[in-house]
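A short worksheet on the structure shown next.
The values are calculated or read from the model by the stated rules, or taken from the named source; none is laboratory data. In this text, all values refer to a predicted model and were calculated from it rather than measured experimentally. All Cβ positions, even for glycine, are placed from backbone atoms using ideal geometry, and neighbour counts span all protein chains on display. These accessible areas exclude ligands, DNA and RNA; they are computed on the full protein's heavy atoms, side chains included. Shrake-Rupley method; radii C 1.70, N 1.55, O 1.52, S 1.80 Å.
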Amino acid sequence: MDIAANAILKKKTNFLESIRRNIVVRRFMSNRLAVTGCALLTIIFLMAIFAPLLATQPPLEMKVTDRLKAPSAAYWFGTDEFGRDVYSRVVHGSRISISVGLSVVVISSVLGLVLGLYSAYYRHLDNLIMRVVDGLMAFPAVLLAIAIMAALGPKVENVIISISVVYIPTVARTVRSAALVVREQTYIEAIQALGGKPWRIIWRHIAPNCMSPLIVQATFIFAYAVIIEASLSFLGAGTPPPQPSWGNILSDGRTLIRQAWWIMVFPGIAIVMTVLGLNLIGDGLRDLLDPHTNKAKS
Amino acid sequence: MVKYIFKRICYLLPVLAVVAIVDFVIIHLTPGDPAAVMLGSDATDADLAKLREQLGLNLPIYVQFGRWLWGVLHGNLGWSIFMDMPVSTAIWQHLGPTVSLTILAEVIAIAVAIPLGVAAAANRGTWLDQLFMTLALLGISIPSFWIGLNFILLFAVKLGWFPAAGYQPLSSGLVNHLKYLIMPAVSLGIMQGALIARMTRSSLLEVLNENYIRTAEAKGLKYWVIIFKHALRNAFIPILTVIGLTFAVLIGGAVVTETVFNIPGIGKLVVTAVLRRDYAVIQGAILMTATAYVLINLVIDLLYALIDPRVRLSK
């Protein structure tokens, strides 16, 4: 009898959960700007996944006879000073931006989540962790990333490490402030009274309730990571040439701006499309998941 | 108020301590021997030993930190081996252009963003609101250095209105100074302005929902009086916060913008130091900008108290 009642209850909960999820998805899809963001980002993701199929030339192939050719049917985005096809380099460059952005989001979200949750739950840790977080947040993101790159050397893995270090404190702050609110709820007190273990309370009961602000934050971090990777590579402290990244193609374009505008225009458009897409999705998610902004908007 | 200022300053000390530790540790992340990295593969053993001695690399790490911190507290940020001068002198020589650039960018950003944010909030839901907020969204999505490159292409290469790159100090005349600085400042200020405009709109909308605004409307006050006299003043704290917090974005953007426009500021100094592996300069410049950021946010914290008495009166 008990088993049957439990099964019915579970079915009912699953049904309600699926309705709730449907409403959330429908509300997100009714936001035209967020859907535009998803479309932009899908284009960039497809470009990164199918780069070898979409590129018309190998991105490193030099054709000295075709140096600095303007955009044409043969070279859609023109060629650079070594006769390399800018279109193929931009397409392959998306792989660096997307992989750096995703890696930074995963690393900074996981580590920031751990720091934020433990900081909120154990008050004696809070002071220490938050002072370190405050100290790290005092460094301008690009400068901190440049300094770490200068110490570690220019490599894509190091770009990921340096940008992740920059954003771990931001995530920790966001998660901590959400977790502090959850921690004071009566149900957490009830679980504590029932003898629930701290790690179980933190990970099973507090963490899931901190996911909404974390997801919104992660979208914006993805966008910032794309800009910082491009900035580092533009300055010569990021992805090392000849491997194409949007930032280092822009750097080539800067020196040839008078002769070949196309080298700097197209990778820039790709960066703007990616960052704009992510910001639109982030804004859409925030409107959906944060009741505070909903109130302000109404 | 004095108690409030004292409390804020005490709160800063641990943050500055962390800044100093992080700044010191970063350079020690270098794999292998920093002296060998700095001098390259052609260096002799004698050169390496001399540089290690000069940088104190053969001392225990805590002694190195103690010596470095003692120096920093006495205004000695180290010695640049490539520029052959004290790091503090190098920073001082490069400070002027960065200060001019960031102040001008911030002024442009605030002057444009606050009226746009107010106009968007006051006309919520209309085409004007949508237009301004779309522009703001574009503003936060376009990297400042790419805007800078496009400005060079359009206004310098095609139209010839402004010089493509370079810097003239204020002593060469205000017009000349601005002629070189306006393109970099606008390109740097756009992202900052977009962030401020978005925050102005959202915090103003929140205040406009308050009961006292309804009371002001019921009293028959003019709409612009309600917005500027009653709402904007109360919406100002989040706006000030975003101005302070995004100052780091501004400095970060300045590093890249200075490279685009070949401006001999702190950003250019750091980028050149990174390419030469001149660690003392990187360390000194980053310490200085982080400290500047902390101090600017202190000033903003104190401004809160001036604008809103509840801040200084609450415990």
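Key figures for this structure:
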| read-out | value |
| --- | --- |
| Selection from region A:185-216 of residues that are open to solvent by less than 40 Å² (accessible area, probe 1.4 Å), of a type outside the set (Val, Ile, Thr) and within 28 Å of the chain's Cα centre (by Cα) | A:207, A:210, A:214 |
| Residue check for residue B:211: farther than 29 Å from residue B:102 by Cα and of a type outside the set (Phe, Trp, Tyr) | yes |
| Subset of region B:196-250 that is polar (S, T, N, Q) and within 11 Å of chain A (Cβ to nearest Cβ) - its residue that is most open to solvent (accessible area, probe 1.4 Å) | B:209 |
| Options A:278, A:288, A:194; residue that is over 20 Å from residue A:111 (Cα atoms), modelled with pLDDT of 90 or more and away from chain B (no Cβ under 11 Å) | A:194 |
| Residue match in region B:29-43 (condition: away from every other protein chain (no Cβ under 11 Å), within 22 Å of residue B:86 (Cβ to Cβ) and in a loop (DSSP other than H, G, I, E, B)) | no |
| Residues within region A:252-268 that are assigned to a helix (DSSP H, G or I) and either facing another protein chain (nearest Cβ under 9 Å) or open to solvent by less than 10 Å² (accessible area, probe 1.4 Å) (or both), tallied | 7 |
| Residue identified as of a type in the set (Val, Ile, Thr), closer than 24 Å to residue A:153 by Cβ and part of a helix (DSSP H, G or I) among B:294, B:274, B:242 | B:274 |
| Residue within region B:144-167 that is at pLDDT 90 or above, under 30 Å from residue B:221 (Cα atoms) and open to solvent by 40 Å² or more (accessible area, probe 1.4 Å) present | no |
| Output for region B:1-15, where each listed residue is more than 7 Å from chain A (Cβ to nearest Cβ) and either open to solvent by less than 50 Å² (accessible area, probe 1.4 Å) or not in a helix (DSSP H, G or I) (or both) | B:1, B:4, B:12 |
| The one condition in (1) over 30 Å from residue B:31 (Cβ atoms); (2) more than 9 Å from chain B (Cβ to nearest Cβ) that residue A:240 fails to fulfil | (1) |
| Pick from region B:251-265, criterion open to solvent by 10 Å² or more (accessible area, probe 1.4 Å) and at pLDDT 90 or above, ranking: nearest to the other protein chains (Cβ to nearest Cβ) | B:259 |
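Residues checked against (1) assigned to a strand (DSSP E or B); (2) in the same structural domain as residue B:246 (by TED's automatic domain parsing); (3) aliphatic (A, V, I, L, M); (4) over 29 Å from the mean Cα position of the chain (by Cα):
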| residue | (1), (2), (3), (4) |
| --- | --- |
| B:63 | no, no, yes, yes |
| B:82 | no, no, no, no |
| B:103 | no, yes, yes, no |
| B:117 | no, yes, no, no |
